[in-house]
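Notes follow once the structure below has been shown.
The values are calculated or read from the model by the stated rules, or taken from the named source; none is laboratory data. Predicted, not measured: the structure shown is a model, and the values here were computed from it. Backbone-built Cβ (ideal geometry, glycine too); neighbour counts: all protein chains shown. When the accessible area is computed, the model is the full protein with side chains, heavy atoms only, and any ligands, DNA or RNA have been set aside. Shrake-Rupley method; radii C 1.70, N 1.55, O 1.52, S 1.80 Å.
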Amino acid sequence: MLTLTIMRHGKAEPHHRADFERELAPKGVLRSRLVAEMLAEAGVTWDCAVTSPAPRASQTADTALDVMTSGLLPSYDRDIYDHADPTTLMSVVRRHAGGARQVVVFGHNPGMSWLAQWLCPDFVDQLATSSAVVLDLEGADWVDVSPGSATLRLVCRHQDHPGAHLEDKP
């Protein structure tokens, strides 16, 4: 079985610079950490990580990978930023996965939500910032993955973390 975790970047700073250059806001860092803690607590692991090179996505990846303490370094793929269609995003996963069985992709909406919906008919939501969906996929290889072939295992939202109330503290 293959596992794909799809995580939308954390809350970004306001639009004071070009969209691609926007970084995570402090809340984005905290919320991404909370979601990564939930994923780790649920036993989710990764042997491949790929992220959009946009700072808000790559910072989300760095935060999540730090929490997961895997030592895993992400690959960067501009197609995650430039293209929202699920077929292109699935091609990105295939291009970077190699022999990996548990992949995480960090990126942007609408693409991250569309990818999850394309793969899993049971996932009908939109991924909010700093949220993740974990999908189980039947198949021996990523080339076997097709639309509708995933089973929804887990959805993690920062507000569901027991420590989420702490973000409002000074």
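Tallying residues that are hydrophobic (A, V, I, L, M, F, W, C), surrounded by fewer than 19 Cβ atoms within 10 Å (Cβ to Cβ) and either assigned to a helix (DSSP H, G or I) or touching a residue at least 40 places away in the same chain (Cβ under 8 Å) (or both) within the range 53-99 yields 2.
Look at residue 132 and say whether it is within 20 Å of residue 53 (Cα to Cα), small (Gly, Ala, Ser), open to solvent by 10 Å² or more (accessible area, probe 1.4 Å) and not in a helix (DSSP H, G or I). Step through it out loud before you land on a result.
Working: within 20 Å of residue 53 (Cα to Cα): yes; small (Gly, Ala, Ser): yes; open to solvent by 10 Å² or more (accessible area, probe 1.4 Å): no; not in a helix (DSSP H, G or I): yes.
The answer is no for residue 132.
Can you confirm whether the range 112-129 contains a residue that is in contact with a Leu (Cβ under 6 Å, 6 or more places away or on another chain), open to solvent by 40 Å² or more (accessible area, probe 1.4 Å), touching a residue at least 24 places away in the same chain (Cβ under 8 Å) and not in a helix (DSSP H, G or I)? Looking for residues that are in contact with a Leu (Cβ under 6 Å, 6 or more places away or on another chain), open to solvent by 40 Å² or more (accessible area, probe 1.4 Å), touching a residue at least 24 places away in the same chain (Cβ under 8 Å) and not in a helix (DSSP H, G or I), one finds at least one in the range 112-129, hence yes.
The criterion of being under 25 Å from residue 29 (Cβ atoms), touching a helix residue (DSSP H, G or I) at 6+ places or on another chain (Cβ under 7 Å) and open to solvent by less than 60 Å² (accessible area, probe 1.4 Å) does not hold for residue 150. Among the criteria (1) closer than 17 Å to residue 131 by Cβ; (2) crowded, with 17+ Cβ neighbours inside 10 Å, the one residue 48 does not fulfil is (1).
Give the residue that is farthest from residue 134 (Cα to Cα), with candidates limited to residues of the range 1-45 that are among the small types (Gly, Ala, Ser) and open to solvent by less than 10 Å² (accessible area, probe 1.4 Å). Only one residue tops the list, namely 28.
Quick one: in the range 15-48, which of the residues that are outside any helix (DSSP H, G or I) and touching a helix residue (DSSP H, G or I) at 6+ places or on another chain (Cβ under 6 Å) is nearest to residue 142 (Cα to Cα)? Spell out the reasoning first.
Initial filter on the range 15-48 (outside any helix (DSSP H, G or I)): 15-18, 22-25, 42-48.
Narrowing the set further to residues that are touching a helix residue (DSSP H, G or I) at 6+ places or on another chain (Cβ under 6 Å) leaves 22-24, 48.
Details: 22: 31, 23: 31, 24: 31, 48: 12 Å.
Among those that are outside any helix (DSSP H, G or I) and touching a helix residue (DSSP H, G or I) at 6+ places or on another chain (Cβ under 6 Å), it is 48.
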